[in-house]
Amino acid sequence: MKKIFLLAILLSSYVGWSQDPAAYALFDKAIKKAEAGNSKGAIDDYTKAIKIDPLFASAYLNRALLKQKLGDINGALSDVNITIKIEPQRADAFTTRADISYKAKDYKTTIQDCTTAINMNAKDYIAYNLRGLANYHSKNTKNACADFTKAIQLGSQSAVKNKKTFCK
């Protein structure tokens, strides 16, 4: 999960840059704080960047990831929903929302968001693996195993473990 979190932060840092230099500087500062383990400080800096640029989708998404990490599921969901409103073609936002839904045991929404993410980015092995888990918990082992297999083909190590565990 830690690798997924760091990958998502790095991916989101390349998309949706703010046009305001002050917001960008705060965003960069927040990334450094998050990498150093200062999640609360990073959230504060993302919040400041968002106040400067309310359409800074990457700041919302990164803040959502940190809120999720700290257990603020409602706050994380709110931020990822705003990200999707700002940038509706952002696959990583749907994968993030799917992860939040999965942790809330909302497997139907997880499957829907993973499918949307996969339709936008067919190489999203995280979405395939997550959808596989949601399918398994929804008693759809056939689809779960197919998703794990696709995730493995795309390079997911977690899917290897999941396929061994859930596909017998």
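The values are calculated or read from the model by the stated rules, or taken from the named source; none is laboratory data. Since the model is a prediction, treat every value here as computed from it, not as a measurement. All Cβ positions, even for glycine, are placed from backbone atoms using ideal geometry, and neighbour counts span all protein chains on display. Areas reflect the complete protein model, heavy atoms only, side chains present, ligands, DNA and RNA absent. Shrake-Rupley method; radii C 1.70, N 1.55, O 1.52, S 1.80 Å.
Values as computed for the structure displayed
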{"quantity": "Failed condition for ALA42, given (1) among the hydrophobic types (A, V, I, L, M, F, W, C); (2) surrounded by 15 or more Cβ atoms within 10 Å (Cβ to Cβ); (3) closer than 14 Å to GLN68 by Cα; (4) at pLDDT below 75", "calculated": "(4)"}
{"quantity": "Considering residues of region 109-150 that are charged (D, E, K, R) and not in a helix (DSSP H, G or I) only, the residue least open to solvent (accessible area, probe 1.4 Å)", "calculated": "ASP124"}
{"quantity": "Filtered residues of region 50-89 (kept if small (Gly, Ala, Ser) and either open to solvent by 60 Å² or more (accessible area, probe 1.4 Å) or in a loop (DSSP other than H, G, I, E, B) (or both))", "calculated": "GLY71"}
{"quantity": "Pairs, first on the phi < 0 side of the Ramachandran plot and of a type in the set (Lys, Arg) in region 97-125, second modelled with pLDDT of 95 or more and open to solvent by less than 50 Å² (accessible area, probe 1.4 Å), C-beta under 6 Å, six or more apart", "calculated": "ARG97/VAL80; ARG97/ASP113"}
{"quantity": "Flag for ASN162 being polar (S, T, N, Q), in contact (Cβ under 8 Å) with a residue 12 or more places away in the chain and under 14 Å from THR96 (Cα atoms)", "calculated": "no"}
{"quantity": "Test: residue in region 28-37 that is surrounded by 17 or more Cβ atoms within 10 Å (Cβ to Cβ) and assigned to a loop (DSSP other than H, G, I, E, B)", "calculated": "no"}
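A quick yes/no check of all residues on (1) more than 23 Å from ALA25 (Cα to Cα); (2) of a type in the set (Phe, Trp, Tyr):
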residue: PHE56; (1), (2): no, yes
residue: ARG63; (1), (2): no, no
residue: ASN74; (1), (2): yes, no
residue: GLN89; (1), (2): yes, no
residue: THR96; (1), (2): yes, no
residue: LYS105; (1), (2): yes, no
residue: ASN121; (1), (2): yes, no
residue: ARG131; (1), (2): yes, no
